[in-house]
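Here is the structure we will look at.
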Amino acid sequence: MRSSGFLCIAVVTIAVGTLPLGASSCFSGGIVKTIERSKPQTVALTRKLPPVIDLAGARVRIKVSKMASVKDDPIDVMQTKLRAVLLKDRGRGISLDDPHPDTDLIVKVTTFETAEQKQQRQNGNETSSYIVILGNMEATVEVFDIKSGRALDSENLKDHYEKWFLTGTVQNGSKGMPNPFAKKPKTSTDDRLPTASERISDVVEGMANKIAQRLVPIDDRFDVELPYGLKDLDSYARAGNWGALKEAAESMTPLPKAEEDSCRLYLVGLSSEAIAYQEKDPKKAQDLLVNAADAYQKAKDSNRSEEKFNEPISRAQQSLERYITLEKIARSHQGTQSRGVKVTQAGNSVVTSPPSGGSGPAPVGAAAKMVYDNAYLIKLKNINKMSDRLIISEVQDANPPQFDISPNGIAQLLTANMSEDVILAVKNKMKSRTAPPPAKKK
């Protein structure tokens, strides 16, 4: 890029001087906010991701069930939410009410929980109190071709919900007296505490979107907020010049305070994510999403109280998971062509057709060549930057598992900075594989 050296020097000199010093949030700059902007500055991103299984034109029957430990409340909500998100893409001709369906979408909720926590954040000489609503949901998702009975997709999905609600602000040193100049919490639908049924609906909606996004192309246009204080970097984002933004933010000298530098790291992640959605090469897109997820997580680690980092972390990880899944499917199909199955590429999606005389699409994972060994886990950890939670999910789904749990194998995983939780999951997987079957009762 031309004049990149001069560009980075200029950005460093100007950006540091305009940071909202003392502010713990990248998105609320105190007096700087009043001077620089009358409202938050946002730019639009468009996220395009291919489906895992394309249900265009399919006649789909939705079945939702649950484990005995899960309450009944989320089930009807899930049925309704899934219908809404699948029918939103009407141009693809998905039918949900045909009396003769050809595809079963089977969802089984295995975990559902909501919780409430009290948290506080320091911002200069003020302490703000919040109530944080948390939700966790897990479900198994299977898609079957009804006529042939073959599985088109099977996955264990997890989703985390987190939303902060301001309940009050006090001035430090005022012995708990309210700050008369602090903005009072709003009582609108967006800011009041949700009811129990609204919390269930919000948590289920996240999972319903995650399920639907495996079955239809993702084509989201959404606004992302830019941090205060880094005006010169903002200009690249507003112009859509993501390459220049990435180079400038990465080359910029890290800011002296971790909370301030989190704003720069956030822009590194945002620019990498934006370029990934424009990239036609799946491998390059995956590498960019790895960089985005890593930068977002570093920003969060530098500023734990900034809840606005949670959404981009989740979004980048979800997008990265999609490319990893597509890579796994493509690798699994490397052996299907030798069995007469025709494999074609549609954008970044893999479409399969059975041998002549067969019916229905070939099942995902047929004749898989995936090797679930220590090297595979190390690639997920150090190259794809997957979280421990996702790596453990891969370990649990490994079929057949070929992990090495000898002393040398465990040492290999420890050298690769694999966590104790992952190593324990690997050991349990291999022990369960070799455990003798339970004795039959006489």
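The values are calculated or read from the model by the stated rules, or taken from the named source; none is laboratory data. Nothing here was measured: the structure is a model prediction, and the numbers come from that model. Note: ideal-geometry Cβ built from the backbone for every residue, glycine included; neighbour counts use all protein chains shown.
Values as computed for the structure displayed
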| read-out | value |
| --- | --- |
| Single condition Ala44 does not satisfy, out of (1) more than 28 Å from Asn136 (Cβ to Cβ); (2) of a type in the set (Gly, Ala, Ser); (3) at pLDDT below 85 | (3) |
| Residues (without any contact (Cβ under 8 Å) to a residue 60 or more places away in the chain and surrounded by fewer than 16 Cβ atoms within 10 Å (Cβ to Cβ)) located in segment 147-157 | Gly149 |
| Matching residues, segment 219-247, being of a type outside the set (Phe, Trp, Tyr), surrounded by fewer than 19 Cβ atoms within 10 Å (Cβ to Cβ) and either within 16 Å of the chain's Cα centre (by Cα) or not in a helix (DSSP H, G or I) (or both) | Asp219, Asp220, Arg221, Asp223, Val224, Glu225, Ala239, Gly240, Asn241 |
| Contacts under 9 angstrom Cβ, first residue in segment 117-144 being outside the structural domain of Asn209 (by TED's automatic domain parsing), partner assigned to a strand (DSSP E or B), 6 or more apart | none |
| Matching residues in segment 253-296 - criterion: being assigned to a helix (DSSP H, G or I), touching a residue at least 60 places away in the same chain (Cβ under 8 Å) and polar (S, T, N, Q) | Ser262, Gln286 |
| Scope segment 43-76; condition in a loop (DSSP other than H, G, I, E, B) and over 13 Å from Pro217 (Cα atoms); matching residues | Gly57, Ala58, Met67, Ala68, Ser69, Val70, Lys71, Asp72 |
| Every residue from segment 113-138 that is surrounded by fewer than 18 Cβ atoms within 10 Å (Cβ to Cβ) and of a type in the set (A, V, I, L, M, F, W, C) | Ala115, Ile131, Val132, Leu134 |
| Residue count, segment 236-248 (criterion: in contact (Cβ under 8 Å) with a residue 60 or more places away in the chain and hydrophobic (A, V, I, L, M, F, W, C)) | 3 |
| Some residue of segment 286-298 being farther than 30 Å from Ile53 by Cβ, under 18 Å from the mean Cα position of the chain (by Cα) and not assigned by TED's automatic domain parsing to the domain that holds Ala208 | yes |
| Hits in segment 392-442 - residues which are under 19 Å from Lys381 (Cα atoms), in contact with a Phe, Trp or Tyr (Cβ under 6 Å, 6 or more places away or on another chain), surrounded by 15 or more Cβ atoms within 10 Å (Cβ to Cβ) and modelled with pLDDT of 85 or more | Pro401, Val426 |
| Only listed residue being modelled with pLDDT under 85 and under 16 Å from the mean Cα position of the chain (by Cα), chosen from Arg322, Arg339 | Arg322 |
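Residue-wise test of (1) at pLDDT 90 or above; (2) in contact with a strand residue (DSSP E or B) (Cβ under 7 Å, 6 or more places away or on another chain).
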{"site": "Lys158", "(1), (2)": "no, yes"}
{"site": "Asn172", "(1), (2)": "no, yes"}
{"site": "Pro180", "(1), (2)": "no, no"}
{"site": "Arg192", "(1), (2)": "no, no"}
{"site": "Ala196", "(1), (2)": "yes, no"}
{"site": "Arg199", "(1), (2)": "yes, yes"}
{"site": "Ile218", "(1), (2)": "no, yes"}
{"site": "Ser235", "(1), (2)": "no, no"}
